[in-house]
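Contents: one structure, followed by commentary.
The values are calculated or read from the model by the stated rules, or taken from the named source; none is laboratory data. In this text, all values refer to a predicted model and were calculated from it rather than measured experimentally. Virtual Cβ from ideal backbone geometry, glycine too; neighbours counted across all protein chains shown. Note: accessible area is taken over every heavy atom of the protein model, side chains too, but ligands, DNA and RNA are not part of it. Shrake-Rupley method; radii C 1.70, N 1.55, O 1.52, S 1.80 Å.
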Amino acid sequence: MVIAVTNRKLARRSFLDQIQRVIQEKPDGIILREKDLSEQQYKELAQTIMKICEKANIPCILHSYWNVAIELGAENIHLPLSILQKGIPIEQFRRIGVSVHSIEEAKMAEQMGATYLVAGHIFATDCKKGIPPRGLEFFQNLCEQVSIPVFGIGGMTLEKEKIIMQANGAGICIMSEFMMLK
C-alpha cells in the first residue's frame, strides 16, 4: 500500500497539476499535509483536493485541521500525536492516522484510538537533513509492538515498499518522489 503525502513547496508544477500527476500513479490515498497554511487556506485547498480525489476514487486524508475535516465531511484524518492528545472527537472519523517517532508514542496513539500509524523517518531524507534515520530495525520493532497497521515514511521510494512490507509494515508514505514527479 502506497500513500502520497503532499508538500506544495516540492511540487515541480502548479500544485493542482502536481496532484493530477500523482493521481495518475494511483496511490492508495493522499494525505493533504499542507500544515503551513492557515485554517481557512487549508479548508479552501481541502475542498478542491477532496473533489479531485473523489473523482479519481482515491481516499483523501486531511491533516491536522480536524475541525475542517468534520465541516467538510471527511472520513479520514491524519494527526500529529500532540493534536490527538488534546482529545479531539475521534468518533467523527472512520480512519485516524497518527505520526509517531518512538515505540512509546506508537503505543500511546493506539490506546487513544488511532487506526493506523506513520512511523519515521526510516531512511535518510532531504526533508530531515542532518537528522539520522531511525532505521529498519526500529520500524520492525515498532510494528511488533502494536496491533494496528504501520506505514513507513522518510526516504521512501516505490522500490522500498517491499522492504517495508518484509519488516511487517502495512505500506509506505511517499512525499518527495510524488511531489517531484515529472
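Which of the lysines could be linked to Lys162 by a straight reach, that is with a Cα gap under 22 Å, when you skip same-chain ones fewer than 8 residues away?
Within the straight-line limit of under 22 Å, Lys162 reaches these lysines: Lys26.
Suppose all protein chains stay in the model; what accessible area per residue would a 1.4 Å probe give for the chain, in Å²?
On the way: 9090 Å² over 182 residues.
For the chain, the per-residue accessible area is 50 Å².
Share of the chain's accessible area from carbon and sulfur, percent, 1.4 Å?
On the way: 4430 of 9090 Å².
Using a 1.4 Å probe with all protein chains present, the chain comes out at 49 percent carbon and sulfur.
Can you give me the solvent accessible area of Thr48 with a 1.4 Å probe, rounded to the nearest 10 Å²?
Looks like 50 Å² after rounding.
Would you compute, from DSSP H runs of 4+ residues alone, the mean residue ellipticity of the chain at 222 nm, taking -39500 (n - 2.57) per run and dividing by the full residue count, rounded to the nearest 500? List each step's numbers first, then the result.
Values: 8 runs with 68 residues, N = 182.
Roughly -10500 deg cm²/dmol at 222 nm, from the helical runs in the chain.
Given H placed on each backbone N at 1.01 Å, which residues far from Ile61 in sequence or on other chains put an amide H within less than 5 Å of it?
Ile30, Ile31, Leu32
Give, as a single signed number, the net charge of other residues whose beta carbon lies under 14 Å from the beta carbon of Arg21, with Lys and Arg counted +1 and Asp and Glu -1.
Details: positive: Arg8, Arg12, Arg13, Lys26, Lys182; negative: Asp17, Glu25, Glu177.
Residues close to Arg21 contribute a combined charge of +2.
Given springs between every Cα pair under 10 Å in a Gaussian network model of the chain, which of Pro133, Pro80, Pro89 has the largest fluctuation?
Between Pro133, Pro80, Pro89, it is Pro89 that shows the largest mean-square fluctuation.
Whole-Hz ³J(HN,Hα) for each residue in the range 38-48, computed from phi via Karplus 6.51 cos²θ - 1.76 cosθ + 1.60 with θ = phi - 60°, x for glycine and proline: what do you get?
Result, ordered by residue: 5, 4, 5, 4, 4, 4, 4, 5, 4, 4, 5 Hz.
For an R0 of 30 angstrom, estimate the FRET efficiency from the Cβ-Cβ distance between Glu39 and Asn141 and round to the nearest 0.05. Could you put the intermediate results ahead of the total?
Values: r = 36 Å, r/R0 = 1.21.
Approximately 0.25, to the nearest 0.05.
Given the Cα-Cα distance of Glu91 and Lys162 and 0.36 nm per residue of separation, how much length would full extension add, in nm?
Taking Glu91 through Lys162 to full extension adds about 22.3 nm, to one decimal.
If you build a Gaussian network model of the chain, linking Cα atoms that sit under 10 Å apart, which residue out of Cys60, Cys143, Cys127 swings the most?
Result for the chain, Cα springs under 10 Å: Cys127 fluctuates most.
Dipole of the range 56-146, Cα-centred, from +1 at each Lys and Arg C-beta and -1 at each Asp and Glu C-beta, to the nearest 20 debye?
On the way: 7 positive and 9 negative charges, 35 e Å.
With Lys and Arg at +1 and Asp and Glu at -1, about 160 debye.
Going by a 4.7 Å Cβ-Cβ cut-off, which cysteines of the chain have no partner at all?
Singleton cysteines: Cys127, Cys143, Cys173.
List the aspartates and glutamates whose Cα sits under 20 Å from the Cα of Lys35, skipping any in the same chain fewer than 8 residues away.
Asp17, Glu44, Glu71, Glu75, Asp126, Glu177
Please give the length that would be gained between Glu25 and Glu71 if that part of the chain were fully extended, namely 0.36 nm times their separation in residues minus their C-alpha to C-alpha distance (nm, one decimal).
On the way: separation 46, 0.36 × 46 = 16.56 nm, distance 2.89 nm.
Between Glu25 and Glu71, full extension yields an extra 13.7 nm.
For the chain, what is the charge dipole size about the Cα centre, in debye to the nearest 20, if Lys and Arg each add +1 at the Cβ and Asp and Glu each add -1 at the Cβ?
Values: 21 positive and 20 negative charges, 106 e Å.
Rounded to the nearest 20 debye, it is 520 debye.
Rounded, prolate or oblate: pick one for the chain, where a ≥ b ≥ c are the square roots of the eigenvalues of its C-alpha gyration tensor, a/c under 1.5 means rounded, and failing that, prolate if a/b is larger than b/c, else oblate.
On the way: a/c = 1.67, a/b = 1.15, b/c = 1.46.
The shape class here is oblate.
Connecting C-alpha atoms closer than 10 Å in a GNM of the chain, tell me which of Glu39, Glu71, Glu144 has the biggest fluctuation.
Glu71
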